[in-house]
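Student: Here it is, the structure, as structure tokens.
The values are calculated or read from the model by the stated rules, or taken from the named source; none is laboratory data. All of these numbers come straight from a predicted model, not from anything done at the bench. Because the Cβ atoms are built from the backbone with ideal geometry, glycine has one as well, and the counts that use them run over all protein chains shown. These area figures cover heavy atoms from the full protein model, side chains too; ligands, DNA and RNA do not enter into them. Shrake-Rupley method; radii C 1.70, N 1.55, O 1.52, S 1.80 Å.
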Amino acid sequence: MSSSPRLLVVAPNWLGDSLMAQPLLTRLKAKASRVAIDVLAVPAVAPVFRRMPEVEQVYEADFRHGRFGLAERWQLGRKFSGRYAQAIILPNSWKSALVPFFASIDLRIGYVGESRYGLLNLLHPNPKKNAPRPSMARFYTQLSEAPAKTLTEELPQPRLIADPVRSIAAKVTLGLKPAERLVALCPGAEYGPAKRWPAEYFATVASKLKAMGATPIVLGTQADVPTGLTIEQLSHGAALNLCGKTTLDQAIDLIAGSSAVITNDSGLMHVAAALDIPQVALFGSSSPEHTPPLSEAARVIYLAVDCSPCYQRICPLGHFKCMRELTPERVLEDYAQLTGAAV
Ligand code: SF4
């Protein structure tokens, strides 16, 4: 049995945030290479942690959204008892800190969040309300430092392990040919419609890509199925809707096997960045400074209209200019510059 000190990280519940947590893990390993990092994650994000070289073991806990799950958290905490020297809790909620508390882990680190005095014992102050928001990656990585010390170093970019054999297997399973040149379209954004480029614009882009010899595939969750079908229909079948038809693992494998990605500011945008796949990332109500795709192969389009970023889930002004004025022609232009394709 290994005698390495072990550290438990309680993962964020959102896919994009989970990718943004990787620089923290890299930094923890750089500071103490012998430390073994395990991650406690919900099933919706667990697959990305399995592809991070810094992580030794991933525990999936299916605490249903909105449910307190006190008994389950107690049982899991007791199972972890005596196993970890410290824990870092990335979500800000009270309940997310319960498992490390029940496990009696000596050092429990996180932001104050929901007044978690006592539950945590190394508390970082919440960012001030009116201060500029740090990037999510910096926000999480700050937890590798003492609360009084500001992290100034450059951060490493998230990088997931890709496997070309798995990419081919995912293509074949989903009825695609191994040699097809895929362009992945990711029209979802769990946060809300204000982050979603219009489906008809995606359809226009898909038709053009198909005419250029690529196979546009639409990736997303079950919640994105209506959008995926709309894109498929409006593009007269140029786009293949795979929303809700893949596991997250398959979606990652398909992105890894794509020649390019066109995406909203979403979890899959961060997946594409962590796989270093060329991408055009479309920002509307959110800011590319806060959650940028961390990859040299990414091009961000952000119109910076007067009202943006508003960070609202639904456009409060109704006109949705930040996305409506971002035309398919502009996206295709950036795609062509990025990939060298002639449009
Ligand atoms: S208020 Fe402005 S930034 Fe926010 S969703 Fe509407 S158009 Fe976009």
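Student: Does Lys245 count as modelled with pLDDT of 95 or more, part of a helix (DSSP H, G or I), more than 26 Å from Gln22 (Cβ to Cβ) and open to solvent by 50 Å² or more (accessible area, probe 1.4 Å)?
Tutor: On the way: modelled with pLDDT of 95 or more: yes; part of a helix (DSSP H, G or I): no; more than 26 Å from Gln22 (Cβ to Cβ): yes; open to solvent by 50 Å² or more (accessible area, probe 1.4 Å): yes.
When the stated conditions are applied, Lys245 does not pass them.
Student: Ser266 - would you say it is among the hydroxyl-bearing types (Ser, Thr, Tyr), within 11 Å of the chain's Cα centre (by Cα) and either open to solvent by less than 30 Å² (accessible area, probe 1.4 Å) or assigned by TED's automatic domain parsing to the domain that holds Thr291 (or both)?
Tutor: Working: among the hydroxyl-bearing types (Ser, Thr, Tyr): yes; within 11 Å of the chain's Cα centre (by Cα): yes; either open to solvent by less than 30 Å² (accessible area, probe 1.4 Å) or assigned by TED's automatic domain parsing to the domain that holds Thr291 (or both): yes.
Criteria met by Ser266.
Student: Hey, another quick one. Quick test for you: out of Pro147, Pro91, Pro156, pick the one residue that is surrounded by 14 or more Cβ atoms within 10 Å (Cβ to Cβ), touching a helix residue (DSSP H, G or I) at 6+ places or on another chain (Cβ under 6 Å) and not basic (Lys, Arg). Before you say what the answer is, go through the steps one by one.
Tutor: Numbers: Pro147 fails: touching a helix residue (DSSP H, G or I) at 6+ places or on another chain (Cβ under 6 Å); Pro91 fails: touching a helix residue (DSSP H, G or I) at 6+ places or on another chain (Cβ under 6 Å).
None of the other options fit; the residue is Pro156.
Student: So which residues in the range 163-189 are within 21 Å of the chain's Cα centre (by Cα), over 22 Å from Asn264 (Cβ atoms) and open to solvent by less than 70 Å² (accessible area, probe 1.4 Å)?
Tutor: Hits for the range 163-189 are Asp163, Ser167.
Student: Take the conditions in contact (Cβ under 8 Å) with a residue 24 or more places away in the chain and either in a loop (DSSP other than H, G, I, E, B) or farther than 23 Å from Phe102 by Cβ (or both) and apply them to Pro43. Does it pass?
Tutor: Numbers: in contact (Cβ under 8 Å) with a residue 24 or more places away in the chain: no; either in a loop (DSSP other than H, G, I, E, B) or farther than 23 Å from Phe102 by Cβ (or both): yes.
Taking the combined requirement at face value, the residue does not satisfy it.
Student: Within the range 321-339, identify whether any single residue is touching an Asp or Glu at 6+ places or on another chain (Cβ under 9 Å) and within 12 Å of the ligand (Cβ to nearest atom), and answer yes or no.
Tutor: Taking every residue of the range 321-339 in turn, at least one turns out to be touching an Asp or Glu at 6+ places or on another chain (Cβ under 9 Å) and within 12 Å of the ligand (Cβ to nearest atom).
Student: Now, a different point. Name every residue in the range 21-54 that is closer than 20 Å to Gly267 by Cβ, in contact with a helix residue (DSSP H, G or I) (Cβ under 8 Å, 6 or more places away or on another chain) and open to solvent by 20 Å² or more (accessible area, probe 1.4 Å), in order of residue number.
Tutor: Ala44, Glu54
Student: Right, another one. Confirm whether Ala251 is more than 26 Å from Gln312 (Cα to Cα) and in a helix (DSSP H, G or I).
Tutor: Working: more than 26 Å from Gln312 (Cα to Cα): yes; in a helix (DSSP H, G or I): yes.
It is true that Ala251 is more than 26 Å from Gln312 (Cα to Cα) and in a helix (DSSP H, G or I).
Student: Moving on to the next point. Would you pick out the residues in the range 175-189 that are part of a loop (DSSP other than H, G, I, E, B) and farther than 18 Å from Cys322 by Cβ?
Tutor: So in the range 175-189, the residues part of a loop (DSSP other than H, G, I, E, B) come out as 175-181, 187-189.
Residues satisfying the conditions are Gly175, Leu176, Lys177, Pro178, Ala179, Glu180, Arg181.
Student: Is the range 284-297 home to any residue that is away from the ligand (no atom under 16 Å from the Cβ) and among the small types (Gly, Ala, Ser)? Talk me through it step by step, then tell me what you get.
Tutor: So in the range 284-297, the residues away from the ligand (no atom under 16 Å from the Cβ) come out as 292-297.
From what is left, the residues that are among the small types (Gly, Ala, Ser) are 295, 297.
Scanning the range 284-297 turns up at least one residue that is away from the ligand (no atom under 16 Å from the Cβ) and among the small types (Gly, Ala, Ser).
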